[in-house]
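Presented below is the structure to which this report refers.
Every number here is computed from the coordinates shown, using simple stated rules; none is lab data. Only a predicted model underlies this, so the values are computations on that prediction, with no experimental measurement involved. Here the Cβ positions follow ideal geometry from the backbone for every residue, glycine too, while neighbour counts run over all protein chains shown.
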Amino acid sequence: MFPAHVLGWDQPKAVSGDLKSVPLVIGIAGGTCAGKSRLAEGLAAHYANAALLAMDSFYRQQPPEAIAAGTVDFASPEALDLDAMAAALKSLRAGRAVEIPVYDRAVSRAAGRRTVSPHAVLLVEGLFVLEWPAIREQLDLKVFITVDGPVQRARRQARDLELYHRSQARLRDDLARDVERLNGVAITPSLAQDAVDMWFVRDGLWCNPRRFGFEVHEGKPLSLDHQLREMLAAVVPAKLTVRERQEYLALLARWYYSTWRQGEWLSFEDYDEIPYRKLVNAVSRVARRDSGI
């Protein structure tokens, strides 16, 4: 999934599993929902002899009332026991197994402990792994991931809804609504002639895209309103994992806020109250622009 040459090396040292030598330690940092965990998991799968040490395992226990009130800043170093993480990394580099907490994001507390054994490649990921001196000084390779702001916000919004049932996070403009109330359709030019592609979002969930063609019956074009009503009546959200949902919403945000956007986004409150006149006009405009009319 993530070939080694992408990051500039061919083989990690000590991949044979000889733990008498110091392992290769790769630190991965970036903003919230930048893709740190995904990259680390991909590299762990790429190298059979690899262990993952995630900063999220070292969150401190927080008062339930503070969590309920939303006053805990989980993006602050004070919310984490980074010295304990540094000590665990030092032990792993020395060839000693460590026990670390298993942090449950949904309830914001540790739900047990697990053992991490020494490996030839150690992947260390988290917000502050490149900033905390006791961790940074143990890293052989440092990676920082940057992501467009709208993409990052969309990923975080989807994650918070799925894992924490939080809906306060919002996007801007026509996408500015609680994610579970995000309903609309992106209408884009199609590769097919005399057609547009329609990308539906229902209650914050992506639906399978549809290609809308301008059909002709007995030499007369069929009513766009009638065709669109039939199409939208069959729109059903797709079954997506949390990560897939994050990625799709991130793609929507990146397309919507880009300067190169082709097509239009039409949002509406509910699929039972779709503004069909506006939808017909939007479909017609995208089709005309695409055909150069």
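Worth pointing out:
- Loop-located trypsin sites (Lys or Arg not before Pro) in the stretch 232-268 (DSSP state other than H, G, I, E, B) with a sparse environment of at most 10 neighbouring Cβ atoms within 10 Å: Lys239.
- A dipole drawn for the stretch 29-100 from +1 and -1 charges on Cβ atoms has a positive end, and of Thr71, Thr32, Ala87 the residue lying farthest that way is Ala87.
- Dimensionless Rg over Rh [the stretch 39-88; C-alpha; Kirkwood]: 1.13
- Going from the residue with the fewest nearby Cβ atoms within 10 Å to the one with the most, Arg155, Arg202 rank Arg202, Arg155.
- Site pair Thr71 and Lys142 shows an inter-label distance of 3.5 nm when each label is modelled 7 Å from Cα along Cα→Cβ.
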